[in-house]
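Working notes, structure below.
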Amino acid sequence: MPVYPLPAWLSRFVGREKEIAEIQEQISRTRLLTLTGPGGSGKTRLAAKVAAAIAAATAEEEARTGKFRDGVCFVELAAVQKGDLLPQSTLLALGLEETPGQPVSSWLVAHLRLKSILLVLDNCEHLVDACARFANALLGSCPDLHILATSREPLRITGEMIRLVPPLSIPEWQPGSPVEDFLRAEAVQLFADRARLVSPGLEINAGNAPAVMRICRQLDGMPLALELAAARANVLSLEEIAARMAEPARLLVNPDHLAAPRQQTMQAALDWSYVLLEPAEQRLFWQLSVFNGGFPLAAAEAVGAGDGIEPAEILGLLSRLVDKSLVSHQTDDTPAAVSRYRMLEVVRQYGLERLKAAGEELAIRRRHFDWCVELVQQASFTNRERGVWIARIEQELPNLRQAFAWSLAV
Ligand SMILES: Nc1ncnc2c1ncn2[C@@H]1O[C@H](COP(=O)(O)OP(=O)(O)OP(=O)(O)O)[C@@H](O)[C@H]1O
Ligand SMILES: [Mg+2]
């Protein structure tokens with residue numbers, strides 16, 4: 001089976017055994033399966049786990065089912081801004097290059113037509129109509145193709161099977177019951193794992209279990225909310241976290257009273273996490289949300305420095321945002337090995353709201369644009385450096401496209 005790169009996380013994956021097994025089984029019988037749920041509920045992580053399980057299927061299983069003998073390919077769409085770019089992004093994920101003179105979509109269909117492949121289309125929600133058309137067209141032309149999509153809303157095309165990603169299991173705690181049972185609940189496992197990253201000696205025991213149960217309940221078993229709460233275990237006791245979670249920060253920029261309860265939970269957890277930032281961290285947080293598809297440190301310095309903040313201070317502030325789970329650090333596999341930072345989509349959208357509310361959007365988008373222009377000007381395509389620069393530019397395409405679109409619109 002050909003191997004396409006699957007996304008990797010540094011943090012531990014927790015639970016979901018039943019979902020993984022069921023989805024793995026369903027996707028071999030369903031041509032389009034969409035995992036839905038609010039931002040931060042764990043759709044991407046679950047889809048990646050299913051993809052990895054299928055990719056790891058033994059040759060024996062493959063021979064038995066005959067499915068996906070041509071591999072599993074993960075297409076990240078969060079940073080793709082226009083529906084027209086879906087075929088191109090998929091082609092890139094498949095490791096193929098465009099052929100001059102041939103429309104990308106027909107080249108893609110020609111490549112996939114006789115293949116038994118699973119495409120994971122991750123984070124479709126911002127392009128839901130375009131994704132629906134794209135998926136429909138591909139499935140119609142490629143009889144052995146299957147698609148696993150993640151999206152906050154379904155694609156709504158004929159034949160789509162929809163699965164709502166459930167909350168992580170939330171524990172029951174009765175005084176006197178064994179702590180081991182309590183520790184088996186998925187929400188507790190996730191919370192405890194992330195809390196131990198910042199507070200290594202932390203033990204969950206009969207004494208603090210009631211506080212952990214309240215945190216898990218309050219956060220509806222939402223993975224990202226649990227991570228944000230756990231990131232504070234270095235400065236707050238579990239009792240304090242539980243008490244603070246009980247009174248949401250009530251900062252909602254656009255309070256949407258019709259939003260589903262788990263969506264409201266996520267907003268409240270983000271508010272909570274945001275309010276606890278120092279003013280300089282808050283500022284950098286909203287500024288960094290302009291980046292689309294991640295950014296290197298130099299970019300954060302270019303956008304975040306100014307107005308009394310020196311470029312040298314950015315790394316310290318950025319690492320505090322990483323500690324608080326608002327930004328993640330990614331190991332880089334490009335030849336230049338430059339560290340890269342990223343925000344989860346739901347976190348980035350939240351940051352953008354704060355940026356607008358702060359009245360800084362225009363200034364920050366301009367700095368983002370200037371950084372992009374400078375990057376392109378520096379690019380050198382001499383023989384020796386060509387490969388490195390092509391990889392650099394490819395990596396920044398979502399940022400470059402966004403800056404370009406912005407400059408045309410202002
Ligand atoms: N089962 C799990 N085990 C460990 N961590 C998880 C699990 N599920 C989710 N997470 C973590 O929770 C956070 C949110 O998960 P994820 O990005 O998968 O959510 P999502 O539903 O795809 O959100 P969005 O709609 O914004 O794309 C991530 O940091 C992820 O690593
Ligand atoms: Mg996602």
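Observations, loosely collected:
- Selection from segment 362-388 of residues that are surrounded by fewer than 17 Cβ atoms within 10 Å (Cβ to Cβ) and in a helix (DSSP H, G or I): L362, A363, R366, D370, V373, E374, V376, Q377, Q378, R386, G387, V388
- Count of segment 336-350 residues which are within 16 Å of ligand 2 (Cβ to nearest atom) and not aromatic (F, W, Y): 8
- Applying a threshold of 9 Å to beta carbon distances and a minimum spacing of six or more residues, or different chains, the list of pairs starting in segment 186-197 at a residue that is among the acidic types (D, E) and ending at one that is open to solvent by 20 Å² or more (accessible area, probe 1.4 Å) and away from ligand 2 (no atom under 16 Å from the Cβ) reads E186/S169; E186/I170; D193/R12.
- Only one of the numbered conditions (1) at pLDDT below 90; (2) away from ligand 1 (no atom under 16 Å from the Cβ) is violated by A209, and that is (1).
- Considering residues of segment 103-128 that are away from ligand 1 (no atom under 16 Å from the Cβ) and charged (D, E, K, R) only, the residue nearest to K49 (Cα to Cα): K115
- Any chance S141 is within 18 Å of K67 (Cβ to Cβ), free of Cβ contacts under 8 Å to residues at least 60 places away in the same chain and surrounded by fewer than 23 Cβ atoms within 10 Å (Cβ to Cβ): no
- Residues in segment 1-25 that are part of a helix (DSSP H, G or I) and open to solvent by 40 Å² or more (accessible area, probe 1.4 Å): 6 in all.
- Residues located in segment 166-185, provided they are in contact (Cβ under 8 Å) with a residue 12 or more places away in the chain and among the polar types (S, T, N, Q): S169
- L326 at pLDDT 90 or above and surrounded by 14 or more Cβ atoms within 10 Å (Cβ to Cβ): no
- Checking L35, L10 one by one, the residue that is touching a Lys or Arg at 6+ places or on another chain (Cβ under 8 Å), within 13 Å of ligand 1 (Cβ to nearest atom) and among the hydrophobic types (A, V, I, L, M, F, W, C) is L35 and no other.
Here's the yes/no breakdown for (1) under 23 Å from I241 (Cα atoms); (2) at pLDDT 95 or above:
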| residue | (1), (2) |
| --- | --- |
| C124 | no, no |
| I147 | no, yes |
| E153 | no, no |
| L164 | no, no |
| V179 | yes, no |
| E186 | yes, yes |
| Q189 | yes, yes |
| P200 | yes, no |
| E203 | yes, no |
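- Verdict on L46 being at pLDDT 90 or above and either part of a loop (DSSP other than H, G, I, E, B) or open to solvent by less than 40 Å² (accessible area, probe 1.4 Å) (or both): yes
- Of the residues screened, A337 is one that is at positive phi, open to solvent by 50 Å² or more (accessible area, probe 1.4 Å) and of a type in the set (A, V, I, L, M, F, W, C).
- Scanning segment 98-124 for residues that are closer than 20 Å to I27 by Cα and within 26 Å of the chain's Cα centre (by Cα) gives I117, L118, L119, V120, L121, D122, N123, C124.
- Candidate set: segment 56-82, residues that are aliphatic (A, V, I, L, M) and modelled with pLDDT of 90 or more; chosen: the one nearest to ligand 2 (Cβ to nearest atom): L77
- Taking segment 117-131 as the range and being in contact with a Pro (Cβ under 9 Å, 6 or more places away or on another chain) and either more than 16 Å from ligand 2 (Cβ to nearest atom) or β-branched (V, I, T) (or both) as the test, the residues that pass are I117, V128.
- Screening E98 on (1) of a type outside the set (F, W, Y); (2) surrounded by fewer than 17 Cβ atoms within 10 Å (Cβ to Cβ); (3) within 14 Å of ligand 2 (Cβ to nearest atom) shows it passes everything except condition (3).
- Top-ranked residue of segment 394-410 - restricted to ones that are in contact with a helix residue (DSSP H, G or I) (Cβ under 7 Å, 6 or more places away or on another chain) and either modelled with pLDDT of 95 or more or surrounded by 14 or more Cβ atoms within 10 Å (Cβ to Cβ) (or both), ranked as nearest to L288 (Cα to Cα): N399
- The listed residues are L108, L112, L33, L85, and the only one of them that is open to solvent by less than 40 Å² (accessible area, probe 1.4 Å), of a type in the set (A, V, I, L, M, F, W, C) and within 16 Å of ligand 2 (Cβ to nearest atom) turns out to be L33.
The values are calculated or read from the model by the stated rules, or taken from the named source; none is laboratory data. As the structure is a computational prediction, the values presented were derived from the model and not from experiment. Ideal geometry is used to build each Cβ from the backbone, glycine not excepted, and the neighbour counts take in all protein chains shown. We work out accessible area using only protein heavy atoms, side chains counted, and drop any ligands, DNA or RNA first. Shrake-Rupley method; radii C 1.70, N 1.55, O 1.52, S 1.80 Å.
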